[in-house]
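Undergrad: Have a look at this one.
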């Protein structure tokens, strides 16, 4: 019961943070949101439900994958918390000016999306700390665990490159809505940085888990599923966008999984030499 109370409390905290965060140069007009859910239940109810489901997923992930840890309660919570917090902070920075209240890309856009991302990231990070403190059972043997190693560098680079190649293909073909022709440099930089952040999150979660197997499957159930739902926020509040956002983020996840799978295969080969 305490788990669900924490989820509700931090979901409420996310709503409050979004309400009080400064919005440099822009104010979101919620009256433009026209999805069936918003019309039926209202924007506040839909936004609250979104955060509850997002944080329920974090709860389920921690209860499955962080129960046994090699690094202790505090570090495990920080690893999971940083993986999700970075996902939200950098994910919010995707260069989609047309989907924001601003008219052009610049420091105003970066700050606006930064504060929105903090509204998601801070509650998620703290929720992970609390949940891991209650559920994590540290191992007595903490030796041999390294976060900075050649295997993790390979994982980050492989995932970043796989995501980058998929998104470049998506931008050029129009499969992914983008502003590449308007802001090519920011779009390219964000694409590579976001892929790297997902790779870092993958390493953080693997580092905290005692189970050495199922790495790619664990990536899908943690960061993959969370990224898909994170993107569904627009689909919940804007009409005729939900399926498109699921498809778009689903293809992102497939590229990320392909990169992680290639990394694990390559790591196994060099370890076998």
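What follows draws every value from the coordinates through simple rules; no lab data is involved. Small disclaimer: the values here were computed from a predicted structure and weren't measured. With ideal geometry, Cβ positions are generated from the backbone for all residues, glycine too; neighbour counts draw on all protein chains shown.
Undergrad: In the P(r) worked out for region 192-273, what percent of Cα pairs fall beyond 20 Å?
TA: 40 percent
Undergrad: At each listed q (0.19 Å⁻¹), what is the log10 of I(q)/I(0) that the Debye formula gives for region 105-252 modelled as equal alpha-carbon point scatterers?
TA: With no solvent term, the Cα-only Debye profile gives -1.44.
Undergrad: How far is helix 43-65 tilted off the main Cα axis of the chain, in degrees rounded to 10, range 0 to 90?
TA: Compared with the principal axis, the helix lies near 10 degrees.
Undergrad: Can you give the angle from 0 to 90° between the axis of helix 2-20 and the longest principal axis of the chain, with both taken from C-alpha atoms, to the nearest 10?
TA: For 2-20 against the chain, the angle is about 40 degrees.
Undergrad: Still on this model: Just want the ordering: 35, 208, from fewest to most Cβ atoms lying within 10 Å of their own Cβ.
TA: 35, 208
Undergrad: Over the chain, with a Gaussian network built from C-alpha contacts below 10 Å, which listed residue (215, 39, 73) shows the highest mean-square fluctuation?
TA: Comparing 215, 39, 73 in a Gaussian network model of the chain, the most mobile one is 39.
Undergrad: Oh, and also: Using a Gaussian network model of the chain with C-alpha springs under 10 Å, which one of 178, 206, 226 is most mobile by mean-square fluctuation?
TA: Of 178, 206, 226, the Gaussian network model singles out 178 as fluctuating most.
Undergrad: So what's the back-of-envelope 222 nm ellipticity for the chain, counting only DSSP H runs of four-plus at -39500 (n - 2.57) apiece and dividing by all residues, rounded to 500?
TA: Taking each H run of at least 4 residues, the total per residue is -24500 deg cm²/dmol.
Undergrad: Peptides 74-83, 41-50: what's the order by average Cβ count within 10 Å, highest mean first?
TA: 74-83, 41-50
Undergrad: Give, in whole angstrom and from largest to smallest, the semi-axes √(5λ) of the equivalent ellipsoid of region 2-272, with λ running over the eigenvalues of the Cα gyration tensor.
TA: The equivalent ellipsoid of region 2-272 has semi-axes of 30, 24, 15 Å.
Undergrad: What ranking of 110, 62 emerges when the number of other C-beta atoms within 10 Å of each C-beta is taken as an exposure proxy, fewest first?
TA: Result, fewest neighbours first: 110, 62.
Undergrad: Then there is this: Packing-wise, with mean Cβ within 10 Å as the measure, how do 151-159, 194-202 rank, highest first?
TA: 194-202, 151-159
Undergrad: Something else now. Nearest 10 degrees, 0 to 90: what angle lies between the long axis of helix 107-135 and the longest principal axis of the chain (Cα atoms)?
TA: 40 degrees
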